[in-house]
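S.K.: My questions all concern the structure below.
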Amino acid sequence: MIPSGMALPHPSGARMALASLGATSLGLVAAIALSSGAHAQEPLQIQAGVGDGQIAGQAYLPGTVSIPAGSSVTFRVGSDEPHSITFGIGPADVPPDQWPVVGWTAPAAPPPAQVDLGDAVYDGTGFINTGLIYRDSTATVTFTTPGTYVFTCVIHPGMTGEIDVLDDGATGATTQAEADAAGAQTADALLSQVDATRAARLASVETITNADGTTTWNIFADASTVATDMPGGGTGYLELYEMLPPGLEIGVGDTVHWSAIGAHTVTFPAAGQDPATIDPFGPAVGSDVYDGTSLYDSGLLNAGPGAPTSYTLTFPDAGTFAYVCTLHQFLGQRGVIAVGEPLQSAGTPARPSGPPAAPSPASGQSPSEVPASSASS
């Protein structure tokens with residue numbers, strides 16, 4: 001291969017000159033091959049996210065590695081929640097979750113298909129971005145220039161990592177065994193917090209007795225920890241895509257008030273409506289008094305500055321009513337309100353089998369799945 005920028009000699013010379021050029025080129029190729037032999041190992045593997053269904057560890061595993069210049073790292077998504085691998089800053093006038101795929105070719109398959117984006121080359125400058133990719137999808141980055149490079153997930157800014165690209169001949173590169181051990185430490189640290197995080201959120205549920213004798217119930221549409229340094233390097237946090245509590249018995253005339261940290265909806269489908277057909281980026285629908293049969297939708301909570309962070313409904317009639325988060329129903333995020341009857345008789349909505357909903361072009365809204373406590377991390 002002729003190095004970029006090298007001029008070829010004019011072909012009008014003698015055959016000997018051409019033969020000499022061929023020998024020189026072969027020698028150059030051989031020298032390059034020998035000098036790069038130390039970097040010919042398999043790419044170092046890093047996992048993006050950990051967890052199944054409603055449990056999501058938002059971290060890279062491991063979050064910090066060292067590699068020789070000229071080496072590659074392959075990222076693989078390891079959770080049901082999607083992630084991106086993003087170096088640099090995208091277009092200033094575009095929300096991060098809508099930043100285009102740069103450095104790779106955008107996948108042709110719709111989410112949540114498993115895709116392999118192939119290899120992107122990064123010299124430490126500019127912007128490369130996978131876009132959102134789903135479980136077992138992969139993307140490889142080859143690093144050509146020594147330096148330290150931070151990467152993040154566009155929808156989880158509290159989720160960051162760092163690649164330290166070493167000078168040629170330097171020691172201290174991370175082995176795959178070391179990377180795996182460090183990643184396991186991060187996974188254990190995050191997943192070990194599931195029960196405590198859920199219990200703490202449930203302990204915050206409160207009731208207020210109103211003047212008319214009814215009750216207002218303050219419950220939650222998610223739970224999370226604060227983004228912090230991970231034992232395997234980088235930063236991350238745990239997020240639970242759960243209605244807490246998932247089932248609630250209330251009295252006729254009671255009011256339920258949902259609060260959320262991340263981006264979610266509280267959506268009661270109309271009678272007979274498939275919740276998978278509801279646009280998670282659509283506007284709020286319905287009043288603050290539930291009629292038991294029509295579509296009632298909070299709209300996307302925590303969708304950006306000025307967006308609502310909570311939703312309130314009063315239930316004047318007895319019955320059992322199932323609801324979902326339309327943004328995360330593919331993960332199984334759903335709940336039931338039993339009004340004036342036992343919760344045991346309440347049904348739950350079926351988990352949709354289709355892919356997660358895509359943004360509505362007409363809505364102009366974008367999700368931000370970042371806990372408020374993580375956004376400033």
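S.K.: Between Glu178 and Asp291, what is the FRET efficiency for a Förster distance of 56 Å, r being their Cβ-Cβ separation, to the nearest 0.05? Kindly include the intermediate steps, with their values, before the conclusion.
M.R.: Numbers: r = 59 Å, r/R0 = 1.05.
That gives a FRET efficiency of 0.40.
S.K.: Here's a follow-up. Over the Cα atoms of the stretch 195-268, what radius of gyration and what Dmax do you get, in Å?
M.R.: Values for the stretch 195-268 (Cα only, Rg and Dmax): 15.3, 54 Å.
S.K.: Heavy atoms only, 1.4 Å probe, whole protein assembly: order Glu239, Glu249 by accessible area, highest first.
M.R.: Details: Glu239 5, Glu249 90 Å².
So, going from the largest accessible area down, we get Glu249, Glu239.
S.K.: May I ask what percent, to the nearest 5, of DSSP beta bridges between residues of the stretch 106-262 are antiparallel?
M.R.: Values: 17 of 27 bridges.
In the stretch 106-262, DSSP labels about 65 percent of beta bridges as antiparallel.
S.K.: Counting only protein heavy atoms and using a 1.4 Å probe, what share of the accessible area of the stretch 36-181 belongs to carbon plus sulfur, as a whole percent?
M.R.: 54
S.K.: Leaving out ligands, DNA and RNA, and with a 1.4 Å probe, what % of the accessible surface on the stretch 214-358 is carbon or sulfur?
M.R.: Numbers: 2890 of 5150 Å².
Reported share for carbon and sulfur atoms: 56 percent.
S.K.: Less than 15 Å Cβ to Cβ from Val285, Lys/Arg counted +1 and Asp/Glu -1: what total charge do the surrounding residues give? Walk me through the numbers on the way to the answer.
M.R.: Working: positive: none; negative: Asp279, Asp288, Asp291, Asp297.
Computed value for this residue: -4.
S.K.: Counting only C-alpha contacts under 8 Å and six or more residues apart, can you give the relative contact order of the stretch 59-148 as a whole percent?
M.R.: Values: 173 pairs, mean separation 36.7, N = 90.
Once normalised by length, the contact order is 41 percent.
S.K.: Return the tail of the calculated pair distribution for the stretch 52-162, meaning the percent of Cα-Cα pairs more than 16 Å apart. Intermediate values should be presented prior to the final figure.
M.R.: Numbers: 3486 of 6105 pairs.
When all Cα pairs of the stretch 52-162 are counted, 57 percent exceed 16 Å.
S.K.: From a point 7 Å beyond the Cα of Ala307 in the direction of its Cβ, which residues of the stretch 226-264 have a backbone N at a distance under 20 Å?
M.R.: Under 20 Å, as judged by backbone N against the label point of Ala307, lie 226-227, 237-244, 257-264 of the stretch 226-264.
S.K.: Under 11 Å from the Cβ of Ala69, count the other residues' Cβ atoms, weight Lys and Arg +1, Asp and Glu -1, and hand me the total.
M.R.: Numbers: positive: none; negative: Asp123, Asp164, Asp167, Asp168.
So the surrounding residues net to -4.
S.K.: Still on this structure, please answer the following. Test of understanding: extend the Cα→C-beta vector of Ser192 to 7 Å, then name every residue of the stretch 218-239 with backbone N under 20 Å from that spot.
M.R.: 224-239
S.K.: What whole-number value in Å² describes the accessible area per residue of the stretch 153-201 for a 1.4 Å probe? Intermediate results must be reported in sequence, preceding the final value.
M.R.: Numbers: 2290 Å² over 49 residues.
So the stretch 153-201 comes to 47 Å² accessible per residue, rounded to a whole number.
S.K.: Quick check: residue separation of Ala203 and Ala109 times 0.36 nm, minus the Cα distance between them. What number comes out in nm? Don't skip to the answer; put the middle values down first.
M.R.: Numbers: separation 94, 0.36 × 94 = 33.84 nm, distance 4.23 nm.
Using 0.36 nm per residue and subtracting the Cα-Cα distance, I get 29.6 nm.
S.K.: Give me the net charge for the shell around Pro107: Cβ to Cβ below 14 angstrom, other residues only, Lys and Arg +1, Asp and Glu -1.
M.R.: Working: positive: Arg135; negative: Asp116, Asp136.
Here the count lands on -1.
The values are calculated or read from the model by the stated rules, or taken from the named source; none is laboratory data. Here the structure is a predicted model, which is why all the values come from computation and not from measurement. Positions of Cβ are backbone-derived with ideal geometry, glycine not excepted, and every protein chain shown enters the neighbour counts. Accessible surface is based on the protein model in full, side chains and every heavy atom, while ligands, DNA and RNA are left aside. Shrake-Rupley method; radii C 1.70, N 1.55, O 1.52, S 1.80 Å.
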